[in-house]
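The values are calculated or read from the model by the stated rules, or taken from the named source; none is laboratory data. None of the values given here were measured: they were computed from a predicted structure. Reconstructed Cβ throughout: ideal geometry from the backbone, glycine too, with neighbour counts over all protein chains shown. Side chains included, ligands, DNA and RNA excluded: accessible areas come from the protein's heavy atoms. Shrake-Rupley method; radii C 1.70, N 1.55, O 1.52, S 1.80 Å.
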Amino acid sequence: MCVLVVTAVPVERDAVTRAFGGTEETLTLPGAELHRSGAFDVLAGGAGPAAAAAAAAFALASAQHPYGLVVSAGIGGGFAPAAPLGSLVVASDIVAADLGAETPDGFLPVTALGFGRDRFTPPPALVREVASAAGGAPGPVLTVSTVTGTAARTAALLAAHPGALAEAMEGFGVAEAAERAGVPALEVRAVSNTVGPRDRASWRIGDALAALTAAFGKSAPVLEGWNRHDH
């Protein structure tokens with residue numbers, strides 16, 4: 001099975017590709033380079049849900065071979081203490097945490113407004129298998145357009161989404177594109193920082209990228225061999 005992996009930036013793309021032994025072929029797509037290694041096509045689609053959705057949609061529409069799975073991957077913030085620095089999270093739910101409306105009574109998700117959707121649920125069996133192979137924790141991953149930088153916002157997110165393990169900026173966009181193409185989506189995040197007051201000095205980006213490489217190295221057989229019709 002061919003797998004499309006969508007990251008935000010080239011350093012994440014390269015971390016994933018290293019897990020498969022490096023790039024064998026490079027293809028040019030609108031706005032992005034796609035690095036092919038065996039059954040895996042990996043691209044850096046840009047930061048944020050809109051860029052991620054556009055990159056994933058272009059890749060899916062122009063594929064030389066059909067994809068059986070799309071994975072949003074990269075580093076992200078972890079909610080302490082459940083997701084410590086350097087740990088791995090596999091999304092049981094991919095949630096658009098700030099898609100909706102502010103009201104006098106608080107935030108309303110887009111679904112409460114009567115239209116759209118605010119989450120995708122990856123195949124549970126695949127989530128379990130990848131988490132087990134890679135040594136990651138399964139749990140909700142929030143997609144935000146603005147990285148959380150205060151304790152108050154952290155508390156509000158956890159109140160609205162109990163059990164959330166991490167936040168990032170691309171998962172929901174990738175899942176939206178995959179859904180429209182009829183392909184299952186998954187999200188994998190290595191934790192580079194703690195969600196909360198912004199403190200760049202405490203971030204461990206190198207450790208998170210190393211964890212991302214290790215995770216895909218361990219889970220590659222699961223991803224490549226997974227068949228949704230067998231589950």
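In region 150-178, what residues are open to solvent by 10 Å² or more (accessible area, probe 1.4 Å), among the aliphatic types (A, V, I, L, M) and farther than 30 Å from A220 by Cβ?
Across region 150-178, the qualifying residues are A151, A152, A155, A156, L158, A159, A160.
What tally of residues in region 16-39 results from selecting those that are under 22 Å from A178 (Cα atoms), buried (at least 19 other Cβ atoms within 10 Å of the Cβ) and touching a Ser or Thr at 6+ places or on another chain (Cβ under 8 Å)?
The total comes to 5.
Name the residues in region 179-231 that are among the basic types (K, R) and open to solvent by less than 60 Å² (accessible area, probe 1.4 Å), would you?
Correct list: R189 only.
When you go through (1) under 23 Å from S219 (Cα atoms); (2) buried (at least 19 other Cβ atoms within 10 Å of the Cβ) one by one for A53, which number turns out not to apply?
So the condition that A53 fails would be (1).
Just checking, which of G21, G46 is modelled with pLDDT under 95 and either touching a helix residue (DSSP H, G or I) at 6+ places or on another chain (Cβ under 6 Å) or under 30 Å from L99 (Cα atoms) (or both)?
G46 is the lone residue from the list that is modelled with pLDDT under 95 and either touching a helix residue (DSSP H, G or I) at 6+ places or on another chain (Cβ under 6 Å) or under 30 Å from L99 (Cα atoms) (or both).
So in region 104-143, with the set limited to residues that are charged (D, E, K, R) and open to solvent by 60 Å² or more (accessible area, probe 1.4 Å), which one is modelled with the lowest pLDDT?
To start, the set of residues in region 104-143 that are charged (D, E, K, R) comprises 105, 117-119, 128-129.
Keeping just the survivors that are open to solvent by 60 Å² or more (accessible area, probe 1.4 Å) gives 105, 117, 119, 128-129.
Details: D105: 81, R117: 88, R119: 94, R128: 96, E129: 96.
The residue in question is D105.
Condition first: over 16 Å from D14 (Cβ atoms) and either polar (S, T, N, Q) or in contact with a helix residue (DSSP H, G or I) (Cβ under 6 Å, 6 or more places away or on another chain) (or both). Now tell me which residues in region 198-210 satisfy that.
Result: S202, single match.
Under the condition of being outside any strand (DSSP E or B) and closer than 22 Å to V222 by Cβ, which residue from region 56-70 is most open to solvent (accessible area, probe 1.4 Å)?
Result: P66.
Assuming A15 fulfils every condition listed in (1) farther than 19 Å from I205 by Cα; (2) outside any loop (DSSP other than H, G, I, E, B); (3) of a type outside the set (D, E) apart from one, which condition is it?
It is condition (1) that A15 fails.
With the condition being of a type in the set (A, V, I, L, M, F, W, C) and more than 20 Å from A80 (Cβ to Cβ), I'd like the helices (runs of 4 or more DSSP H) fully within region 121-213 carrying at least 2 qualifying residues.
On the way: elements: 124-134, 151-160, 171-180.
Once the helices (runs of 4 or more DSSP H) in region 121-213 are filtered for at least 2 residues that are of a type in the set (A, V, I, L, M, F, W, C) and more than 20 Å from A80 (Cβ to Cβ), what remains is 124-134, 171-180.
Please name all residue pairs, on different chains or six or more residues apart, with Cβ atoms under 8 Å, provided the first residue is in region 131-156 and is over 16 Å from T194 (Cα atoms) and the second residue is open to solvent by 60 Å² or more (accessible area, probe 1.4 Å) and part of a helix (DSSP H, G or I).
So the pair list comes out as A133/K218; A133/P221; A134/K218; G135/K218; P138/R128.
Exactly one of these conditions fails for A44: (1) open to solvent by 10 Å² or more (accessible area, probe 1.4 Å); (2) out of contact with any Pro (no Cβ under 8 Å at 6 or more places or on another chain). Give me its number.
Condition not satisfied by A44: (2).
Considering only region 147-159, I want to know if a residue exists there that is modelled with pLDDT under 95, touching a Pro at 6+ places or on another chain (Cβ under 7 Å), under 19 Å from A96 (Cα atoms) and small (G, A, S).
yes
Could you tell me which of the residues A73, A101 is at pLDDT below 95, assigned to a strand (DSSP E or B) and of a type in the set (A, V, I, L, M, F, W, C)?
A101
Output the residues belonging to region 28-55 that are in contact (Cβ under 8 Å) with a residue 24 or more places away in the chain, outside any loop (DSSP other than H, G, I, E, B) and in contact with an Asp or Glu (Cβ under 8 Å, 6 or more places away or on another chain).
L34, F40, L43, A44, P49, A51, A52, A53
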